[in-house]
Every structure is written in structure tokens, then in C-alpha cells.
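Notes to accompany the following structure.
The values are calculated or read from the model by the stated rules, or taken from the named source; none is laboratory data. Just so it is clear, the structure is predicted and the values come from calculations on it, not from any experiment. Because the Cβ atoms are built from the backbone with ideal geometry, glycine has one as well, and the counts that use them run over all protein chains shown. Only protein heavy atoms, including side chains, enter the accessible area calculation; ligands, DNA and RNA are left aside. Shrake-Rupley method; radii C 1.70, N 1.55, O 1.52, S 1.80 Å.
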Amino acid sequence: MLFKESPHPDEKQRQQLSKQLGLAPRQVKFWFQNRRTQIKAIQERHENSLFKQELEKLRDENKAMRETINKACCPNCGMATTSKDGSMTTEEQQLRIENAKLKAEVEKLRTVIGKYPPGAASTSSCSAGNDDQENRSSLDFYTGIFGLEKSRIMEIVNQAMEEMKQMATAGEPLWVRSVETGREILNYDEYVKEFSVESSSNGRPKRSIEASRETGVVFVDLPRLVQSFMDVNQWKEMFPCIISKAATVDVICNGEAPNKNGAVLLMFAELQMLTPLVPTREVYFVRYCKQLSAEQWAIVDVSIDNVEENIDASLVKCRKRPSGCIIEDKSNGHCKVTWVEHLECQKSTVHTLYRTVVNSGLAFGARHWMATLQLQCERFVFFMATNVPTKDSTGVATLAGRKSILKLAQRMTFSFCHSIGASSYHTWNKVTSKTGEDIRVSSRKNLSDPGEPLGVIVCAVSSVWLPVSPNLLFDFLRDEARRNEWDIISNGGPVQSVANLAKGQDRGNAVTIQTMKSKENSMWVLQDSCTNAFESMVVFAPVDITGMQSVITGCDSSSMAILPSGFSILPDGLESRPLVITSRHEKSNDTEGGSLLTIAFQILTNSSPTAKLTMESVESVNTIISCTLRNIKTSLQCEDG
């Protein structure tokens, strides 16, 4: 039972368990080690099986592409795609390129599977000289491609750790505080001098540099926080609005059990903003975890050139200079975190709406990461709490019911974040509504996921600037008493709250169940509102009343189909205004500036996954976006233009 809750028990837990079972502490320790090894071996056999399935799938795709090219016709309409003179069309050239890539991928997979039978890639030790073929990890495969010696990787991450620690602790002249914005700015000339970084001939970097630093306190114990950085799935869950994809490419060093001290991972991440208008950033980096003292740990990320030179050049538009955080245990379940984010990116054009936020380094900077971390940790504390005041949990009688609703709301918000960014998961098409808004539309087919409706789903997203403060806009959109002012589904009818659950100290962080009543029927809506120092969100979805009533009593919500829509709100980031946000009660609207509002609606257009997308369904969701925006502008007295 303890293993299910905590596979890496601490000394105190092991001592307690040894007393209960009448075993020596060493026996308990070895039992946990053996259990972890067994489970890891089972997982790897499963992963290897999936790997082989993926190989077969790629072979089939490869074969299908060959047949498509040979037939030289469009698979959708059946029309010939070859030109009259017999030359290749753009589509055919693209298919041939894709085919070549697939061939290369199949060869890579064949090499890996042939080289590492089930269980062979189980561990990767930090000690040098262990050359037994059976004990090698798949690092051998990656170093074969990337040409990197493990000793050289360790040298680089140790240097990066030292640089990041200095960046986290140094004051002036390395960091200078801006009089205009109150934010710290990196003195690049001082940085080049301090760390002997190569610079271009005119002394300025060839690519745009984004550097930022933020310090804050988070409600989480140190071991859990360290674990959330070293487990890629926990890391994605901690930052759902920023990370659209992430993977541990390889384990270079496992580190010490159970706390991961000394662990080194080769990782990949795709970073996003909650709008299709800002391109994602794909970055490969090595992550190193190190215990600095009894109370202090550090996590550092750094991109390694040799890795990137062997990856498709189109992906390497962004690389990490030594970035990361120093985590200090402040007891009582609190940690002080100092976060440094230092990126080097290819200069590119950004949509005018988001140019200031992106180019100033705010969009992917330390403040965004820190604010998200604080919000997610606070959410977890409220989720686990057993002494919830009645005022923070109205309409739900049991703790089990509260947890079940909060879990469903979290899944809904994660799904929303996953659906509206510029990730390569989606193909966005630009359309203009009858009222002039630029709307991006994408569609997908859900074949088997019980967590959302089965069939063809259309998502429409539009981002606009509004001359309203972010807090005013957030409070308006989350308020059920004013929902009928913008929500066209409510038809202007009254909206009432069935349940209200706090999930943070700020009253804006809450989950509510709302009911809309009309003459014909009644509808329930689940709403999750979140706010932090960087952005705010209001996410909602209609829910099945009977299903929701069972969730309120504490039943499992994992198979409940839910299709979220909602809003993301950012400050417009204009440098002329202070960018340090305090609590909403201390702010006056005239100093806050405008808001960047992203509005997204998803609808199920056909419950048959084989159905085709129709123009009527696209126009339908566009109309919802246009009408909702018009209603918001009218209620908040925003003039067009």
C-alpha cells in the first residue's frame, strides 16, 4: 500500500514500516529497491512491444505513401495530381520527402529494437568503465548519432550548473532593475565578460536573447517538487498552459535513489502560448538535478550544440543557455524557488497583438513559469486538504465528491490548454467572420478517448485586444450572475450556482457548477477559473446532469466525456506601464492597460468519427465566437477599432 502512494519512501517512513512489520530497516529498503526494478522491467517490456507496433505502423504508412505516389491521384477527391507534361506536382514532391523521412525513421527504429532487446535498456549508471553490452542504456544509440561522450556531457552540465547558480544569486552589475517596469534586466555585456561567452563581431548576439529571473514561495515539499521536474509526465502536468509536448529522450545518468541527486536526462519540449497566433518553440536540452546542501537543490537545463546539429535544422529555432531553478526548503511544506530562464532564439516575426509580450521575454520567461508553478502547487494543496471551511465548498457534502469534481475540472482545463495552442498537434486554417474577426479553425476526430465525445470535433479560436484591465475582464467572465450577458446558449436567462469549490487563496481560483434554466430544458455547466500573476483562464463545458450528480457524490469522473471551451486573458504587456502585478485589490484600473483575450469554442459536429467536416459546422462555430465577442464588448462598453 505504501509503495502505491510513495515508491521512494524516506528514512522516517522506512523506519516506521520496519517497526510495523518486524523487519530490519535494510530489508525494507531492499524490498522497495527490488520492487521498483521489477516494475521498471515490466514497463520496459511493454514499451518495447509498443515500439514494435510503431515500427509496423510506420511500415504500413510507408507502403501506403508509395502506392499513393504511384497512383498519382488525390486520396480525397480522386482527381489526377500529375501535370500534363509529366512533371511532379508540389503534393507529390511533398509525399516523396515524407516518404524519405519515414524510411529514415524506420531504419532508426529497426536499429534500436535490434540493438536493445526487452530489458536491455533498463538502467544507465553514472560510473564510467561499465562496458557490458547487456548493461548499456540506449544512450549508446543516441551518442552514436550525436557524437557525444558521456564524460563531455557531465562536464557541460556541471559548468551549466555553476553558471545558473551565479545567474540566480548575482545582483548588479549582472542584473539591473528597470525603472520603468520594475523587472530585472540582464546586462548582456557584463554576462559575456563574466562567463566568457562568444559574441558576434559588433558585441551583440546574432540571435535574440531572452533572460529573466523570478523568486517566489510555493506550497509544496522539496522532494515532491524535485520529483515533478525529473518525471516528464509530472512536469507536463505542472505546466499545462506552457508545455504542449515533452519527452525524456534518454536517461544519461539515473542519479542516486530515491531522490534523483546527480540524475541527468536528455529531454525535448514544445513550449506554447494559449493562442494559435504565437508559434511554438521546440527545444532539446539536458536536465541535471543536484543537491547543493541539506536544504537546497538545483535543477539546470542546457542545450548542447552537438545534439542539435544532428536534429532537423528546422526544429532548432530555440536553445537553452543555462536555465533552471534553485529550490530551498523553508519547512512546513513550503519552498523558496529562484527561477532563471535564459533562451537564445532565432529572430522571427510575431503577430502584432503578441509582439510586445513575446519580444519582451514575458511570454516564455521566468515570471510565467513561476506564476504557473505557484498556482499548480496551491491547487494541489487545496485538492488534498481535509479541513476545508464550509464557505470554500458549498453544494458538495463529502470530501470524496469535492476531490472528484476538482479532478474533472483539472482534466477539462488540461484538455483546453492542449486544444488551443499552435502545437503541431493541430492544423489551423484562417477564416474571417462576417463581422471581421480573424478566426483560426481546426478539426479532429476522436475515435476512442472516453474523456471527450466521440466523433468529429471543431475548434475555433480568436485572439483580440480589448481596452479593459485583465482583472475586470476575468471577474466579468467568471461571474455566473453576468454569464447571460455574453453566453448565447443561456439565451439571456438566469444562471445559478449549484456548487462552488475554492482551489486557491484568491477567490478567482474556483470550480463551480452552474445551471441554466429555460422553458424547454435545464443545462449544467462545469466551470474552472484560474488566475495568477501572469495570466487568467475561464474554462467551461456543458455536462450531463445525471453523470455530474454521481460525480458530486464522489464517483470516478475519468470516463465522463467533456468538451471544454473558454477564455485566456493576458495583460497587453506594454512597457510604458508597470509589469509587476500585485493582488487585484491593490490595483486601480487606470494603470493596468488593456487585455489580450483569446476566446475558444469547441463543438461536436458529428458523432460519427468517419463523417466529413462541413462548411455549415465551421460557420456555426464562427458565429458563436463572433456573437460572444460582440456581447462581451457591449457589456464592457468597448468600442470597435
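Side notes on the structure shown:
- Where a residue in the stretch 603-628 is touching a residue at least 60 places away in the same chain (Cβ under 8 Å) and under 14 Å from Ile457 (Cβ atoms) and its partner, wherever it lies, is in a helix (DSSP H, G or I) and open to solvent by less than 60 Å² (accessible area, probe 1.4 Å), with Cβ under 6 Å and at least six apart: Ile603/Val621; Thr605/Ser617
- Residue that is surrounded by the fewest Cβ atoms within 10 Å (Cβ to Cβ), among those in the stretch 501-526 that are in contact (Cβ under 8 Å) with a residue 60 or more places away in the chain and assigned to a loop (DSSP other than H, G, I, E, B): Gln505
- Selection within the stretch 8-56 - open to solvent by less than 80 Å² (accessible area, probe 1.4 Å), assigned to a helix (DSSP H, G or I) and within 24 Å of Arg224 (Cβ to Cβ): Gln13, Arg14, Gln15, Leu17, Ser18, Pro25, Val28, Phe32, Gln33, Arg36, Ile39, Lys40
- In the stretch 388-428, the qualifying residues are those that are among the aliphatic types (A, V, I, L, M) and surrounded by fewer than 17 Cβ atoms within 10 Å (Cβ to Cβ), and the one that is nearest to Ser557 (Cα to Cα) is Ala400.
- Checking Thr123, Thr181, Thr169, Thr215 one by one, the residue that is in the same structural domain as Pro322 (by the TED database), at pLDDT below 80 and polar (S, T, N, Q) is Thr181 and no other.
- Test: residue in the stretch 187-197 that is modelled with pLDDT under 80 and open to solvent by 50 Å² or more (accessible area, probe 1.4 Å): yes
- Qualifying residue in the stretch 197-209 (condition: farther than 25 Å from Ser331 by Cα and assigned to a helix (DSSP H, G or I)): no
- Selected residue (criterion: most open to solvent (accessible area, probe 1.4 Å)) from residues of the stretch 459-482 that are under 23 Å from the mean Cα position of the chain (by Cα) and aliphatic (A, V, I, L, M): Val464
- If you go through the stretch 418-462 and pick out every residue that is in contact (Cβ under 8 Å) with a residue 40 or more places away in the chain and at positive phi, you end up with 1.
- Number of residues in the stretch 483-493 that are surrounded by fewer than 18 Cβ atoms within 10 Å (Cβ to Cβ) and either acidic (Asp, Glu) or modelled with pLDDT of 90 or more (or both): the value is 1.
- Cys318 meets all of the listed conditions (1) under 23 Å from Tyr288 (Cβ atoms); (2) modelled with pLDDT of 90 or more but one, namely (2).
- Checking Glu155 against (1) loosely packed, with under 15 Cβ neighbours inside 10 Å; (2) at pLDDT below 85; (3) among the acidic types (Asp, Glu), the condition it does not meet: (2)
- Output for the stretch 232-276, where each listed residue is hydrophobic (A, V, I, L, M, F, W, C), open to solvent by less than 30 Å² (accessible area, probe 1.4 Å) and assigned to a loop (DSSP other than H, G, I, E, B): Phe239, Cys241, Ile242, Ala263, Met273, Leu274
- Residues of the stretch 537-553 that turn out to be open to solvent by 10 Å² or more (accessible area, probe 1.4 Å) and assigned to a strand (DSSP E or B), as a count: 4
- Unique residue being open to solvent by 30 Å² or more (accessible area, probe 1.4 Å), under 22 Å from Ile562 (Cβ atoms) and of a type in the set (A, V, I, L, M) when the list is Val456, Val498, Val431, Val441: Val498
- Looking only at residues in the stretch 277-303 that are part of a loop (DSSP other than H, G, I, E, B) and open to solvent by less than 10 Å² (accessible area, probe 1.4 Å), the one that is nearest to His418 (Cα to Cα) is Val278.
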